[in-house]
Amino acid sequence: MIQYLGYNTFIAFVGALVFGFSSGQIGAFVYLRRASLLSDSLAHATLPGLVIAFLGSALLGFDGKNTIVLLSGATISALIGVFVIQWISSRANLGFDTAIGAVLSVFFGFGIVLLTGVQSISLGQQAGLEDYILGSASGMLFQDVVVICIVSILCSLMIFVFRRALIAFIFDPAFGELAGFPQQKVSFLLNALALVVTIIGLKIVGLILVVAMLTVPAATARLWTEGVWSMSLLSAFIGGIAAGCGILISAAFPNLPSGALIVVIMFALLAVSIILKRLKEI
């Protein structure tokens, strides 16, 4: 298979496939919790952290585009975004949606300003930094794929281990408390998993489109099943298939962006599912 696809395409395919499976599975719970907008805000809030991590690392003489360094910066930035959202919604007497919209736009705008400034500095490592906005799976290195696969598998294992607590939290938090599942801790777990998946997906689909990986497969799966666990598995399958196919099509047509192709394929599956569902009801 490596000889047929080529080494770069193969590792990108593996990374996208595993990530698509994990993001689809976690996305089912995020979708049922109706927290998709928060995930979108987290994704946009990562850009300042990415640029600052790159700048700091490059100025200190290290590899500015080290995946772990960049994703660590993105994580810190996203966590600051969460804190600001909570602060605005609780202290400024504004709605939660308003706070999310403010953080989404301000953090992303600040990140664009920083990115533009960094591009004008002669550091010699800036090329490709903008790939985190729209994604560039074809540019992934072996170590990038290893990180993505390990983290994705761990996230899926966490979903499996705590599936009962998550289901109780989504549908009946009071019962979950009585059953020994503290609502605050379970909420933190789900938000943390959504954040982690968002961070590791930046290299594949970019911060603008990564929220689609958490919502579109779940929305498609919801059309075909009512069970939560079966929905999460079907969503995982849809996410993995769409991600893998997007990489393969992008390899065949190099001028087409892989991240955008993945999202388009997912939407096509959603559209077909809606049509088939309608025809079935006639």
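The values are calculated or read from the model by the stated rules, or taken from the named source; none is laboratory data. It should be emphasised that the depicted structure is a prediction, and the values quoted were computed from it without experimental measurement. A quick note on method: Cβ atoms are made from the backbone with ideal geometry, for glycine too, and the neighbour counts reach across all protein chains shown.
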Q | Test result for ALA221, farther than 17 Å from VAL145 by Cα, within 19 Å of the chain's Cα centre (by Cα) and touching a residue at least 40 places away in the same chain (Cβ under 8 Å) | A | yes
Q) Out of region 220-239, which residues are of a type in the set (A, V, I, L, M, F, W, C), surrounded by fewer than 22 Cβ atoms within 10 Å (Cβ to Cβ) and part of a helix (DSSP H, G or I)? A) VAL228, TRP229, LEU233, PHE237
Q.
Name the single residue that is surrounded by the fewest Cβ atoms within 10 Å (Cβ to Cβ) among those in region 141-178 being part of a loop (DSSP other than H, G, I, E, B) and in contact (Cβ under 8 Å) with a residue 12 or more places away in the chain.
A. LEU141
Q. Of these, VAL205, VAL197, VAL211, which one is in contact with a Cys (Cβ under 9 Å, 6 or more places away or on another chain) and not in a loop (DSSP other than H, G, I, E, B)?
A. VAL197
Q) Given ILE262, ILE274, which one is at pLDDT 90 or above and surrounded by fewer than 20 Cβ atoms within 10 Å (Cβ to Cβ)? A) ILE274
Q: Keeping to region 236-262, report how many residues are β-branched (Val, Ile, Thr), under 20 Å from the mean Cα position of the chain (by Cα) and under 12 Å from ALA137 (Cβ atoms).
A: 2
Q: Mind listing whichever residues of region 58-80 are surrounded by 17 or more Cβ atoms within 10 Å (Cβ to Cβ) and more than 20 Å from VAL151 (Cβ to Cβ)?
A: ALA58, GLY64
